[in-house]
Amino acid sequence: MKVFHSISEAAGLRGCAASLGNFDGVHLGHRALFAEAARHARPVAITFHPHPGKVLQPELAPKLITLLPRKLELFEEAGLHAAVVQPFTLEYAHTPASAFEASVLDQLGASHLVIGSDFTYGAGRAGTVETLEKAVRSRGAELHLVPPVTVDGVVVSSTKVREYVLEGRVSAAHRLLGRYFDLDGTVVPGQGRGRTIGIPTANVDTASELRPAPGVYAVRVAKKGGPPLLGSEGGWVGGAANIGVKPTFGGTEVTVEVHLIDWSGDLYGAELRVQFIERLRSEQRFASAAELAGQIRRDIEEARSAIARATE
């Protein structure tokens, strides 16, 4: 997949079918736009970085489901021919709707535009579905409006995915994403308490903005780059993860710690991807390290069963 870092760089995409949006999470609703685009011409996504909310209202901006590198990976997995990442600045936010129309239809030369029913654009969100349709028709191009996608009666949206993840409802988020919610991170030294109770964990330092609610989760773990983890199936190893402050030990810093089931080895410095399969329980404080260890062993067995169900 080709990646262009502005609309002005992407003149070589003339005649493409361009989907327009932020595409945070690249969920099933976004994939419906890409599928529609692929029906007409080379499918392309035009997205914005940073997220407009980070620029316009940083104090209210949402936590991103996917950072840009992961978003681009998901674009490629969705079969897109190219991605155009338009820098979003305060200056760009003042672009009139007509200028945005010209950049996409004249400068880039898209022959098909694909949008969701709530799409707006241009300074003050003055551009609407109706104004875009007029601009498209005046140039002999075509506009394709994709209705909202629903799953179990819920409209698929990035906002709903965030809500589910923040509540720890990773199984519900999975249904809207069409994949498991994941985060990437580097294994860094921790305090080594897991080894002292016979249950070693990898302390995953992540730049991901969105993390599931504190608690214990059934997860799958894969190594990013280099050879896969030894003994993995398709590159993945099952595990049990704890997100929280480790209250039994009086912790205050939120960490992501993962125990890889039936696996041993050195992971320090490794780049991992952690997929969240199912929430097992909330974070708890135990009377002793021994009591905690007993509960973690039960968590591991429950995680093993949850992963087996998910991968049947």
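The values are calculated or read from the model by the stated rules, or taken from the named source; none is laboratory data. Values in this document were obtained by computation on a predicted structure and should not be read as measured data. As a convention, Cβ positions derive from the backbone with ideal geometry for all residues, glycine included, and neighbour counts pool all protein chains shown.
Output the qualifying pairs, or none if there are none: Cβ atoms under 6 angstrom, residues six or more apart or on different chains, first residue in segment 204-228 and free of Cβ contacts under 8 Å to residues at least 40 places away in the same chain and farther than 15 Å from ARG70 by Cα, second residue assigned to a strand (DSSP E or B) and basic (Lys, Arg).
Sorted first by the residue in segment 204-228, then by its partner, the list stays empty.
So which of GLY192, GLY185, GLY215 ends up being in the same structural domain as GLY265 (by TED's automatic domain parsing) and at pLDDT below 95?
GLY192
This table checks each residue for (1) of a type outside the set (A, V, I, L, M); (2) over 23 Å from LEU13 (Cα atoms); (3) surrounded by 20 or more Cβ atoms within 10 Å (Cβ to Cβ); (4) in the same structural domain as PHE88 (by TED's automatic domain parsing).
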position: SER111; (1), (2), (3), (4): yes, no, no, yes
position: ILE115; (1), (2), (3), (4): no, no, yes, yes
position: GLY122; (1), (2), (3), (4): yes, no, no, yes
position: ALA126; (1), (2), (3), (4): no, yes, no, yes
position: LEU132; (1), (2), (3), (4): no, no, yes, yes
position: GLY140; (1), (2), (3), (4): yes, no, no, yes
position: GLY153; (1), (2), (3), (4): yes, yes, no, no
position: VAL161; (1), (2), (3), (4): no, yes, yes, no
position: VAL170; (1), (2), (3), (4): no, yes, yes, no
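Among the residues of segment 190-205, is any within 30 Å of HIS112 (Cβ to Cβ), touching a strand residue (DSSP E or B) at 6+ places or on another chain (Cβ under 9 Å) and surrounded by 14 or more Cβ atoms within 10 Å (Cβ to Cβ)?
Checked segment 190-205: no residue is within 30 Å of HIS112 (Cβ to Cβ), touching a strand residue (DSSP E or B) at 6+ places or on another chain (Cβ under 9 Å) and surrounded by 14 or more Cβ atoms within 10 Å (Cβ to Cβ).
Could you tell me whether any residue of segment 279-296 is over 16 Å from GLY215 (Cα atoms), modelled with pLDDT of 90 or more, in the same structural domain as THR206 (by TED's automatic domain parsing) and buried (at least 16 other Cβ atoms within 10 Å of the Cβ)?
No, that holds for no residue.
Every residue in segment 116-172 that is over 30 Å from ARG220 (Cβ atoms), in a helix (DSSP H, G or I), out of contact with any His (no Cβ under 8 Å at 6 or more places or on another chain) and of a type in the set (Gly, Ala, Ser), please.
GLY124, ALA135, SER138
For every residue, the table says whether it meets (1) over 19 Å from ARG273 (Cβ atoms); (2) aromatic (Phe, Trp, Tyr); (3) buried (at least 22 other Cβ atoms within 10 Å of the Cβ); (4) under 21 Å from the mean Cα position of the chain (by Cα).
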{"position": "GLY178", "(1), (2), (3), (4)": "no, no, no, yes"}
{"position": "GLY185", "(1), (2), (3), (4)": "no, no, no, yes"}
{"position": "ALA207", "(1), (2), (3), (4)": "no, no, no, yes"}
{"position": "TYR217", "(1), (2), (3), (4)": "no, yes, yes, yes"}
{"position": "GLY226", "(1), (2), (3), (4)": "no, no, no, no"}
{"position": "GLY235", "(1), (2), (3), (4)": "no, no, no, yes"}
{"position": "ALA240", "(1), (2), (3), (4)": "no, no, yes, yes"}
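Which of (1) modelled with pLDDT of 95 or more; (2) in contact with a Ser or Thr (Cβ under 7 Å, 6 or more places away or on another chain) does VAL237 not meet, given it meets every other one?
(2)
Looking only at strands (runs of 3 or more DSSP E) that fall completely inside segment 1-85, which ones have 1 or more residues that are of a type in the set (Lys, Arg) and surrounded by fewer than 16 Cβ atoms within 10 Å (Cβ to Cβ)?
So the answer is 2-4.
Quick check: anything in segment 99-106 in a helix (DSSP H, G or I), touching a Lys or Arg at 6+ places or on another chain (Cβ under 6 Å) and either assigned by TED's automatic domain parsing to the domain that holds PHE34 or aromatic (Phe, Trp, Tyr) (or both)?
Yes, segment 99-106 has at least one match.
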